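The structure appears below as structure tokens.
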2 protein chains.
Amino acid sequence: MNGADSLIAGFVEAGVTVCFANPGTSEMHLVQAMDAKPEFRGILCLFEGVCTGAADGYARIAGKPAVTLLHLGPGLGNGIANLHNARRAGSPVINLVGNHTQAHEALDAPLTSDIETLAKNVSQWVHCDAQAKNLSEVGMQALAAAMTRSTGSKGQVATLIIPADACWNPAETVAKSIQPAPLPKMAADHVASVARALTSKSLILLDRDGLLPSARWAAARVASKVGCRVAMTAFPARVDSGPGYPEIEKMPYFPEAVMKSLVDVDHIVLAGAGEPVSFFAYPQTPSRLAPEACEIQVLAEAHFDVQDALEQLVTMIGAEDAVPRCYQRMAGDVPKGALSTRSVAAILAQRMPEGSILCGDSGGGAAVLEPAQRSTAHTWLNLTGGSIGQGGPAAIGAAVAAPGTQVFALLGDGASMYTIQALWTQARERLDVITIIFNNQRYGILETEYLRLGVNEIGDRAGALFDLNRPLIQFSDLAISLGVPGYRVSDCAAFDDALQAALERKGPTLIEAML
Amino acid sequence: MNGADSLIAGFVEAGVTVCFANPGTSEMHLVQAMDAKPEFRGILCLFEGVCTGAADGYARIAGKPAVTLLHLGPGLGNGIANLHNARRAGSPVINLVGNHTQAHEALDAPLTSDIETLAKNVSQWVHCDAQAKNLSEVGMQALAAAMTRSTGSKGQVATLIIPADACWNPAETVAKSIQPAPLPKMAADHVASVARALTSKSLILLDRDGLLPSARWAAARVASKVGCRVAMTAFPARVDSGPGYPEIEKMPYFPEAVMKSLVDVDHIVLAGAGEPVSFFAYPQTPSRLAPEACEIQVLAEAHFDVQDALEQLVTMIGAEDAVPRCYQRMAGDVPKGALSTRSVAAILAQRMPEGSILCGDSGGGAAVLEPAQRSTAHTWLNLTGGSIGQGGPAAIGAAVAAPGTQVFALLGDGASMYTIQALWTQARERLDVITIIFNNQRYGILETEYLRLGVNEIGDRAGALFDLNRPLIQFSDLAISLGVPGYRVSDCAAFDDALQAALERKGPTLIEAML
């Protein structure tokens, strides 16, 4: 047994059995160790951002980490953008990054770089000088770190940078996993202070565990009893919702809309959420969006037991029997005529199977949220960190974590192109992922943001940085070239036909909706 | 005039006029400033690794930096891998990375991350707190830093992280460029000590400016006079070569081959190069590859005037009239039959126009090097840092820097998929880039490296991390879907026909050579 064998064996014993991999020479001993462990599933991705996004999607569904296998600094670099999203999602992820031996690192060979510094951008835990004899133990520390909620936004990404000789030298023992500490509960007197402050002008803002179904029920009961509002943040990591779930608002994206939404609120209760802030800074609007006189009270931060705090609140205000309004299933018509974001969303909401997982990104996908509430129970994985190119990779991870479940990747044309390599892995692993490209042939959000600068027209040179129609990307053909059946549709009937064909087929499909 | 206007105006006045861009909301004022400056050419890339690789390719041909425009930490993250290559190439690159305002950063909105830490992995110069009134001046500092050789391997990447309000607030002046200091020359007595040590068992090892044509002539004259060897490192950034250039060896890749090559060498003279070290660390071979008794003498490090040092050496040993052997033009047959890496290389060497630029990557492309020496004068851009996915982006930059020159991107199938988005920008800008995919349906180098572990067979699970044929990527169709004409060929005649069609056409083409 060498260090690599001990590391992989430890992971398997601890239930970490999926590896999204793009290895290189410095990871060959890890590949050899994986080859000897059939329980450990290596899934090849053609680009490291697909590995990290898939690990994020996997974690959000499985509730435990997958491992990524990345090649030195550049491999980790390619994974940074989706690790940023994973960090913002609070997803447990373990990165295994191969490195030179320490002696070799000192010689500054071409692939040498300061991996530790790079890792710090996205990792709450970084380790870089393991030896073979303790590599398995350090792997269990990585797992424990990934399963531990950190304060603030540091996330749960653990990056284990492995010197090559820690893999190839002999190891003796396989370490046991470390039991993570339970989430600390909020003290009753603190919860009571929130209970006392609640009025009909309060808003309870949920994120992370505050959106677990039981936590959401608790918040809804409280809001129903008090007569106040309850909302989720704009981009929570995971939301299970649909008919039968309590109704909930969603914070808008643009700061003007958030401010308008909060104008009559004088008390915000944060349950796993941060205070409402603008996504970007703008010259004309503030960054903090709650009204100045509004009191902001933290019920429980994300690294505390948010669910328990909300349940304590229910008991304190006697809301056990409150009956919140729930989403009701409504039969919807399937729209006809030319395709629009709205009609794609309506058809998708009608046709998707119960329990579907929807992976959002930048682009039109968010339009599905509203009709889906009244059509079908579903799980929504949002683009948490604003780093576009998450949806396709996250769909891989979700499909691996929940075999037999229909997964959708809802992607803008621009967003999809950051990690288009995801399609190949979907085909290779025959994953039940239907990718919808909302193809409006532009970075639509940038056009909107640019016009917000106060200019009335987009000049040619600026426009050339937003438009995606010269040349027009043929996504259906692109999908086919990567092994995924592709359809290109521009009216509702054709979209509906393509969608139904995709739902009947095992494995992935891409539908390009021309808007 | 706002800060963004002053920054772009300063760059234009300093001759920095090309921007490889993938902007987001926090860069909209920079886009607006670019819109007002027709002399500043914005080139949209669909993925940031394409921007940074293009900037590297541009710098290697133009000898001055292009600017990249990247969106916060994730945008820079996506650019890291090719910035690593740029750093290893010593290419001057200026990254403009938009950031939140400092006040907004403190609120930890979703896209907030520690960009400065991230930038340090690849940048020898980082700046992050500019204000509008000094942004133009800081831009000129970035340019000066990019044009300044640093010690060791820190490279010439300058990363300017720009708070959004430094763009939108008013500015008054446009700063002037800073004249970079001339390269320091090596002292005559130092050069003389090298001259005295030269024998027929010496090897002069060239990299960076040691490979400038005049420096290479000087090294060849010295070697010819002394009767010793002269070689380049395995992956120098740029080599101009072909018929009429002095013959030169190339250090091999695998450590065993390097050691074999050096077995009779007792003195290595480094001219812009580092000592021979293994690319990766292996259990069975050393990392330092020169024979133990070999004396290693540094003639001039890369941040000194290497060319002058070599010319001093010529004078000291009286080699002015030495006549080194040069590559001779030889008529080659165009091979027939099934395609192989070798036959692709032979045909390409025969058909490429004088002065072509060849952008290498991992894969079969290096096979073109040998026949090209005796067929056609050319410029070779190597994969410098081992971070694959450089060739396609570098070809964009080279084609932008040298309009009218034929550029080739020589890519392995695996390597091409890291930055396949490059094709779209090649189509959009109608660049004369011919991409050759050496399609062997696998990560061939990893199979080789894996077998070097001492295993005789690749197991199914390990093999699944190396093979790329399930599904087979249809590169010709993929190219067409991104606006680039594509050919898929599997015999020599078809490859030759496709190549000649590509050479006659303006704009890009992709030829997928099935091996």
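A:I357 fulfils the conditions (1) of a type in the set (A, V, I, L, M, F, W, C); (2) touching a helix residue (DSSP H, G or I) at 6+ places or on another chain (Cβ under 7 Å); (3) within 30 Å of A:R221 (Cβ to Cβ); (4) part of a loop (DSSP other than H, G, I, E, B) except for a single criterion, (4).
Within segment B:219-238, the set of residues being surrounded by 24 or more Cβ atoms within 10 Å (Cβ to Cβ) and either without any contact (Cβ under 8 Å) to a residue 12 or more places away in the chain or farther than 24 Å from B:S356 by Cα (or both) comprises B:A219, B:R221, B:V222, B:A223, B:V230. I'd like the residue in segment A:70-93 that is more than 23 Å from B:K120 (Cα to Cα) and not in a loop (DSSP other than H, G, I, E, B) and, out of all such residues, is nearest to the other protein chains (Cβ to nearest Cβ). The extreme case among them is A:A89. So, in segment B:154-176, how many residues would count as being surrounded by 24 or more Cβ atoms within 10 Å (Cβ to Cβ), within 11 Å of another protein chain (Cβ to nearest Cβ) and of a type in the set (A, V, I, L, M, F, W, C)? Total satisfying the criteria: 2.
Residues that are of a type in the set (A, V, I, L, M, F, W, C) and either at pLDDT below 95 or under 25 Å from B:I473 (Cα atoms) (or both) within segment A:483-514 comprise A:V484, A:V489, A:A498, A:L499, A:A501, A:A502, A:L503, A:L510, A:I511, A:A513, A:M514, listed in sequence order. Screening segment B:405-515 for helices (runs of 4 or more DSSP H) wholly inside it with 3 or more residues that are of a type in the set (V, I, T) returns no ranges. Yes or no: A:R288 within 13 Å of chain B (Cβ to nearest Cβ), touching a residue at least 12 places away in the same chain (Cβ under 8 Å) and of a type in the set (D, E, K, R)? So A:R288 fits the description; yes. Annotation: B:G389 fulfils all but one of (1) under 22 Å from A:S113 (Cβ atoms); (2) touching a strand residue (DSSP E or B) at 6+ places or on another chain (Cβ under 6 Å); the unmet one is (2). Screening the candidates A:A281, A:A257, A:A293 for the property of being away from every other protein chain (no Cβ under 13 Å), without any contact (Cβ under 8 Å) to a residue 60 or more places away in the chain, among the hydrophobic types (A, V, I, L, M, F, W, C) and part of a loop (DSSP other than H, G, I, E, B) yields one hit, A:A293. Name the single residue that is farthest from B:L431 (Cα to Cα) among those in segment A:438-497 being among the charged types (D, E, K, R), within 9 Å of chain B (Cβ to nearest Cβ) and surrounded by 15 or more Cβ atoms within 10 Å (Cβ to Cβ). Ranking the candidates gives A:R452 first.
Of all residues in segment B:408-422 being out of contact with any Ser or Thr (no Cβ under 7 Å at 6 or more places or on another chain) and of a type in the set (A, V, I, L, M, F, W, C), which is farthest from the other protein chains (Cβ to nearest Cβ)? The extreme case among them is B:L410.
In segment A:119-136, the count of residues that are at pLDDT below 95 and out of contact with any strand residue (DSSP E or B) (no Cβ under 9 Å at 6 or more places or on another chain) is one or more.
The sole residue among B:P23, B:P65 that is outside any helix (DSSP H, G or I), more than 20 Å from A:M417 (Cα to Cα) and either touching a residue at least 60 places away in the same chain (Cβ under 8 Å) or out of contact with any strand residue (DSSP E or B) (no Cβ under 9 Å at 6 or more places or on another chain) (or both) is B:P65.
Looking at segment A:151-171 only, could you name the residues that are farther than 11 Å from A:G90 by Cα and either among the polar types (S, T, N, Q) or in contact with a Phe, Trp or Tyr (Cβ under 6 Å, 6 or more places away or on another chain) (or both)? Residues satisfying the conditions are A:A158, A:T159, A:N169.
Quick one: is A:A181 touching a residue at least 24 places away in the same chain (Cβ under 8 Å), within 30 Å of A:G385 (Cα to Cα) and among the hydrophobic types (A, V, I, L, M, F, W, C)? It is true that A:A181 is touching a residue at least 24 places away in the same chain (Cβ under 8 Å), within 30 Å of A:G385 (Cα to Cα) and among the hydrophobic types (A, V, I, L, M, F, W, C).
With respect to A:A33, is the statement that it is more than 8 Å from every other protein chain (Cβ to nearest Cβ), part of a helix (DSSP H, G or I), surrounded by fewer than 24 Cβ atoms within 10 Å (Cβ to Cβ) and not acidic (D, E) true? Considered against the rule, which asks whether it is more than 8 Å from every other protein chain (Cβ to nearest Cβ), part of a helix (DSSP H, G or I), surrounded by fewer than 24 Cβ atoms within 10 Å (Cβ to Cβ) and not acidic (D, E), A:A33 comes out as yes.
Against the definition (among the polar types (S, T, N, Q), over 23 Å from B:V126 (Cα atoms), in contact with a Cys (Cβ under 7 Å, 6 or more places away or on another chain) and facing another protein chain (nearest Cβ under 9 Å)), how does A:N22 come out, yes or no? Spelling it out, A:N22 is indeed among the polar types (S, T, N, Q), over 23 Å from B:V126 (Cα atoms), in contact with a Cys (Cβ under 7 Å, 6 or more places away or on another chain) and facing another protein chain (nearest Cβ under 9 Å). Among the residues of segment A:260-269, none qualifies, meaning not one is charged (D, E, K, R), crowded, with 18+ Cβ neighbours inside 10 Å, modelled with pLDDT of 95 or more and in a helix (DSSP H, G or I). Restricted to segment B:36-62, and to residues there that are charged (D, E, K, R) and assigned to a helix (DSSP H, G or I), the residue that is farthest from B:P393 (Cα to Cα) is B:R60.
The values are calculated or read from the model by the stated rules, or taken from the named source; none is laboratory data. Quick caveat, the model's predicted, so the values are computed rather than measured. Neighbour counts run over all protein chains shown; Cβ positions are idealised from the backbone, glycine included.
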